[in-house]
Amino acid sequence: MFLPSFQILVGLLLLTVGGHYLVEGATRIALRARLSPMVVGLTIVALGTSMPELAVSLGAAFRGSTDISYANVVGSNIFNVAAVLGITALIWPIPVKGQTIRAEYPFMVLALFATLVISRDGTVDRLDGVLLLAGLAGFFVFMLRLSRGRPPDQETVELQRDFADMADATGGSSRALFASIAMVGIGIAALVGGADLMVRGAVSVAERFGITERVIGLTIVAGSTSLPELAATLAAASKGRPGIALGNVIGSNIFNVLCILGTTSLLVEIPVNPRAIALDNWVMVGVALALFVFLARGQRVTRWEAALLLASFVAYMGYVVTAG
């Protein structure tokens, strides 16, 4: 039992370090190429924070552990809304701006319902992957057009200042460029190695205790790969940027479906566990709809609503572990 646990812990560490280095290096390169902060944020940073999930889902699919691959996506989406937002809002109630309800949130719900539809036949195939990636491209276009039509708010101004500071820090020397490229290389290598270790450890735990790969994917794997989102959301809320905290969760869920599930199924067709179709998918959609009720009711996530989200997450995890 020691070796699988060690593999999972080291894998998680490598995934966290790899995601950080990849985002940092790629962001610096993009800023040197004079891409706008909005473009960098919507593409490199958003994709980078989902790299651990993508690495694990791809690694599991290539090893034939497709239940882990699919459960990682669904479990991460449930964890993001019920646990990440629940923990954050329990500490700092999160106010919500109208655009989040009108624009970003509906796109997330569409992506989640798309998961219900494409998995009904028991397989997420390559055509489904193409459609999901096309939806990702549409999301990029939609957000870029939306951002051009509205004045920057305070959080956007602060983000632009952060990006400007980072751009100044990169400098203009070839040494700085080499360092940024090296960071990207280190990040990719750490992600690949971390994903392999985590999947190996998770499969070993499942085999040792007779636990299904679906349960391992929904619990250990999904929770571990979602820890960067939890850290980023808590950090944003603690700095007085609640919109970024909520946007991080919503954006992560969109990327989990459109990018991670899309990319993985494009390369490897994913059979979907019947229990995922009957239960897990609906829980994923259910917590997202509960979030909408909270947002529409008071345009904020209050502490008692956060407690309800956390309670639902604990109850669901308890059922998954006991029922298998």
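If you check ALA164 against the conditions, is it over 30 Å from THR264 (Cβ atoms), in a helix (DSSP H, G or I), at pLDDT below 75 and not basic (Lys, Arg)? Here the answer is yes, as ALA164 does meet what is asked. Does any residue of the range 291-309 turn out to be touching a residue at least 24 places away in the same chain (Cβ under 8 Å), in a helix (DSSP H, G or I), under 18 Å from ARG214 (Cβ atoms) and out of contact with any Asp or Glu (no Cβ under 7 Å at 6 or more places or on another chain)? No, because not a single residue in the range 291-309 is touching a residue at least 24 places away in the same chain (Cβ under 8 Å), in a helix (DSSP H, G or I), under 18 Å from ARG214 (Cβ atoms) and out of contact with any Asp or Glu (no Cβ under 7 Å at 6 or more places or on another chain). Residues in the range 254-311 that are under 17 Å from GLY59 (Cα atoms) and not polar (S, T, N, Q): 12 in all. The numbered conditions (1) out of contact with any Ser or Thr (no Cβ under 8 Å at 6 or more places or on another chain); (2) within 26 Å of ALA235 (Cβ to Cβ); (3) modelled with pLDDT under 70 are all true for ALA195 except (3). Is it the case that some residue within the range 288-306 is touching a Gly at 6+ places or on another chain (Cβ under 6 Å) and either more than 27 Å from LEU131 (Cα to Cα) or polar (S, T, N, Q) (or both)? Scanning the range 288-306, I find at least one residue that is touching a Gly at 6+ places or on another chain (Cβ under 6 Å) and either more than 27 Å from LEU131 (Cα to Cα) or polar (S, T, N, Q) (or both), so the answer is yes. Within the option set THR115, THR88, being in a helix (DSSP H, G or I), among the polar types (S, T, N, Q) and farther than 19 Å from VAL283 by Cβ holds for one residue only, THR88. For the range 226-249, a residue qualifies if it is crowded, with 23+ Cβ neighbours inside 10 Å and either at pLDDT 80 or above or not in a helix (DSSP H, G or I) (or both), and the qualifying residues are SER226, VAL249.
For the range 262-290, which residues satisfy the criterion of being among the acidic types (Asp, Glu) and part of a loop (DSSP other than H, G, I, E, B)? Across the range 262-290, the qualifying residue is only GLU269. Looking at the structure I just gave you, is VAL320 part of a helix (DSSP H, G or I), of a type outside the set (Phe, Trp, Tyr), touching a Ser or Thr at 6+ places or on another chain (Cβ under 8 Å) and within 19 Å of GLY135 (Cα to Cα)? Judged against the criteria, VAL320 is not a match. Among the residues here, PHE255 qualifies as closer than 24 Å to PRO106 by Cα and modelled with pLDDT of 75 or more. Within the set ALA114, ALA46, ALA103, ALA61, the sole residue that is closer than 24 Å to PHE142 by Cα, modelled with pLDDT of 90 or more and surrounded by fewer than 24 Cβ atoms within 10 Å (Cβ to Cβ) turns out to be ALA114. So is GLY251 within 20 Å of LEU15 (Cα to Cα) and out of contact with any Gly (no Cβ under 6 Å at 6 or more places or on another chain) or not? So GLY251 fits the description; yes. In the range 192-202 there is no residue matching the filter, namely being under 29 Å from ASP128 (Cβ atoms) and not in a helix (DSSP H, G or I).
Any chance the range 135-148 includes a residue that's modelled with pLDDT of 95 or more, loosely packed, with under 13 Cβ neighbours inside 10 Å and out of contact with any His (no Cβ under 9 Å at 6 or more places or on another chain)? No, every residue in the range 135-148 fails to be modelled with pLDDT of 95 or more, loosely packed, with under 13 Cβ neighbours inside 10 Å and out of contact with any His (no Cβ under 9 Å at 6 or more places or on another chain).
Of all the numbered requirements in (1) surrounded by fewer than 18 Cβ atoms within 10 Å (Cβ to Cβ); (2) touching a residue at least 24 places away in the same chain (Cβ under 8 Å); (3) more than 23 Å from PHE6 (Cβ to Cβ); (4) basic (Lys, Arg), ARG214 misses one, and that requirement is (1).
The values are calculated or read from the model by the stated rules, or taken from the named source; none is laboratory data. Quick caveat, the model's predicted, so the values are computed rather than measured. Neighbour counts are summed over all protein chains in view; Cβ atoms, including those assigned to glycine, are modelled from backbone coordinates with ideal geometry.
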